[in-house]
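The values are calculated or read from the model by the stated rules, or taken from the named source; none is laboratory data. Computed from a prediction, not measured in an experiment: that's the story for all the values here. All Cβ positions, glycine included, derive from the backbone under ideal geometry; neighbour counts span all protein chains shown.
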Amino acid sequence: MFFSRLASITSSRNTLLRNFIGPVMGVHKCNMSSDAGIHMGIDLGTTNSCVAIMEGFEPRIIVNAEGHRTTPSVVAFLEDGSKLVGEAAKRQAISNSKNTIYGTKRLIGRRYRDKEVQEEMKHLPFELCEHTNGDCWVKVKGTPYSPSTIGSFVLAKMKETVDNYVGLKIKNAVITVPAYFNDSQRQATKDAGSIAGLNVVRIINEPTAAALAYGLNRKDRRGTIAVYDLGGGTFDISILEINEGVFEVKSTNGDTKLGGEDFDNVIIKYLIETINLKLKTDVKQDLKALQRIKEAAEKAKIELSFVHETEINLPYLIGANSYSEKFSRSKLESLVSNLIERTLPPCTNAMKDAGVSLSDLSDVILVGGMTRMPKVQQAVKDFFKREPSKGVNPDEAVAMGAAIQGGVLVGHVTDIVLVDITPYSLGVKTLNDIFAPIVIKNTAIPTRKSEVFTTSEDNQTYVDIGVFQGERSMCHLNLHLGDFRLGPIPARPRGASKIEVIFEVDSNGIVNVTALDTETQIKANATIKSNPRGLSKEELEKLAKEAEKERANDAKLKAAATAKIACESQLHDLTNFLDKNREHINAADVEKCNTSITTFNTDINVSPNRDEQYYRNLSGRISEEISRIRSLMSQPTPTPSADTSAPQDSNVEPKA
């Protein structure tokens with residue numbers, strides 16, 4: 001079963017406008033006798049998490065029970081069945097490494113058998129397992145936990161921190177995610193919030209939140225800024241336009257498997273090799289020793305952002321054997337230089353997608369703990385040809401921005417409007433695997449887009465719609481989000497039914513797809529939350545990166561597939577023409593035409609790897625046969641379609 005896209009396309013674009021009634025108001029101080037006006041903002045980080053609320057005219061970071069402004073995203077399971085979260089969990093990691101879980105934000109939405117997960121396992125002291133749906137889960141003492149569940153323990157700690165501060169039970173939260181998180185990961189984050197007892201009122205992108213924190217007291221300014229966000233597990237770059245309180249995201253790019261943990265792993269690898277050589281041992285066989293090396297690597301990395309040399313000292317690392325080394329900033333920079341370089345191509349792509357040049361930028365904002373590294377700051381300065389701004393705290397800006405967005409949603413902040421975007425294109429599968437994008441990458445959200453299609457087979461009563469996400473021209477090169485079926489619809493001739501496919505993306509980036517038979521109003525819809533087999537953020541990132549490199553090859557594939565569709569359409573029209581007019585043509589010519597039709601059908605399907613020129617040549621032969629049959633007619637007859645050029649439309653291919 002197939003259906004075809006009409007030449008005319010209907011689409012709508014949501015336009016977000018600012019509306020003010022009366023004078024512009026500031027932030028009202030929260031009434032601590034009621035939780036109605038409090039929306040906490042949470043930065044659920046890979047390495048550390050942070051929480052803030054609006055208090056007076058400013059967002060306030062809330063310190064945890066240990067007196068710190070950030071909390072390690074670490075969960076420990078103890079022998080008595082209890083759990084520790086945050087600082088306490090991190091402190092006991094050396095003695096309980098197999099049951100101390102960290103970095104699970106990098107596992108959300110990933111399948112256990114992903115090569116990236118298998119590589120990640122080499123660096124983890126705790127056990128990963130494959131859930132029944134193929135997702136990667138964590139196993140602790142024989143019990144499996146989803147990454148969302150582990151995340152919920154950290155979120156619950158954030159909630160407890162706020163509850164203790166305000167003296168109330170607060171439920172409403174704005175939670176941030178990496179800009180390149182896919183739909184499954186965003187939904188998983190919302191699920192984690194629900195498990196933690198939170199009402200997640202909004203999911204927003206981390207660079208966008210940081211921009212809100214940067215611009216809160218600069219609302220009268222106009223300009224274009226870049227937000228360079230290198231955190232513990234991911235890297236994002238976003239380009240935003242600020243215009244008197246309107247924050248509009250123009251583009252985003254990034255790398256979802258590049259962050260501080262990757263820097264740590266490079267140092268750890270170096271230390272393991274050096275220690276093994278010096279002590280003539282295999283330190284990987286000792287989990288406690290590995291955990292000590294991990295902590296030493298992280299400590300050295302942080303210290304070298306402020307000093308030029310530090311000492312890594314590990315007494316009694318293996319039995320009576322100790323290890324110590326003078327570790328310099330220059331040595332660190334030589335080890336991680338390729339990781340820093342990996343952040344620059346996404347910056348180029350984000351600038352290109354936003355349609356801005358370096359001279360158009362008024363500021364560059366640094367976000368994420370890794371941007372404290374001098375080498376990272378220098379790389380940003382060299383790339384953007386300007387000193388990056390030090391106007392926001394890189395560890396706290398995201399949580400502060402989330403709190404500001406909470407203030408906007410509750411009505412306490414009335415002079416800020418946020419316009420975010422969807423980081424990937426969304427569309428449907430079409431005939432010959434062509435991807436038909438309906439919501440284009442970097443479209444402002446919330447948004448509603450639609451296109452009208454028709455059936456491409458006679459008497460078609462069902463339409464199966466495959467939904468995909470990505471930037472490649474062919475569907476098998478993009479990420480398959482899911483399928484749903486429309487029907488039954490009335491059986492009609494090919495092209496008679498008109499099917500409207502509607503994509504709606506809400507403010508959280510969650511996708512809803514609807515198919516509607518415009519005549520009968522029969523419809524079907526699906527909210528794309530997660531694929532039953534699990535979604536991998538690496539899949540999406542890989543597709544986006546490959547799209548940058550292989551657009552030319554994609555164009556060739558699409559041109560060949562489109563030319564093939566033209567041949568199939570011509571052959572369909574020729575067959576119908578012959579069937580309807582065979583009484584006006586002698587038997588010998590009818591037989592000859594039937595033979596040609598059989599040959600053409602074989603030639604069309606002879607190989608999936610034929611190029612555009614092959615199908616154009618075949619289209620010419622079909623046109624000649626159409627002309628020959630027409631010349632044999634003894635009276636005027638309807639003219640079949642014989643367009644040899646690539647058609648303006650494509651056909652949606654259902655999945656069986």
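Residues that are buried (at least 23 other Cβ atoms within 10 Å of the Cβ) and in a strand (DSSP E or B) within the stretch 229-241 comprise ASP229, LEU230, PHE235, ASP236, ILE237, SER238, ILE239, LEU240, listed in sequence order. For the stretch 47-69, a tally of residues being within 20 Å of VAL200 (Cα to Cα), modelled with pLDDT under 95 and assigned to a loop (DSSP other than H, G, I, E, B) returns 0. Considering the conditions (1) farther than 18 Å from SER456 by Cβ; (2) at pLDDT 85 or above; (3) part of a strand (DSSP E or B), LEU516 is excluded by exactly one of them, (1). In the set ILE150, ILE204, ILE195, only one residue is under 20 Å from GLU120 (Cα atoms), touching a residue at least 24 places away in the same chain (Cβ under 8 Å) and in the same structural domain as ALA88 (by the TED database); that residue is ILE150. Here TYR165 does not qualify as aromatic (Phe, Trp, Tyr), under 24 Å from the mean Cα position of the chain (by Cα) and surrounded by fewer than 24 Cβ atoms within 10 Å (Cβ to Cβ).
Sub-8 Å Cβ pairs linking a first residue in the stretch 491-504 that is within 18 Å of ILE465 (Cβ to Cβ) and modelled with pLDDT of 90 or more to a second residue that is surrounded by fewer than 16 Cβ atoms within 10 Å (Cβ to Cβ) and β-branched (Val, Ile, Thr), at least 6 apart or interchain, are GLU500/THR10; GLU500/THR518, ordered by first then second residue. When you check ILE175 against the structure, is it touching a residue at least 12 places away in the same chain (Cβ under 8 Å), among the β-branched types (Val, Ile, Thr), closer than 29 Å to ALA526 by Cα and surrounded by fewer than 21 Cβ atoms within 10 Å (Cβ to Cβ), yes or no? Taking the combined requirement at face value, the residue does not satisfy it. The criterion of at least 1 residues that are of a type in the set (Gly, Ala, Ser) is met by the following strands (runs of 3 or more DSSP E) wholly inside the stretch 264-378: 321-328, 361-367. Is it the case that the stretch 419-437 has a residue that's buried (at least 20 other Cβ atoms within 10 Å of the Cβ), basic (Lys, Arg) and under 21 Å from ILE565 (Cβ atoms)? Yes, the stretch 419-437 has at least one match.
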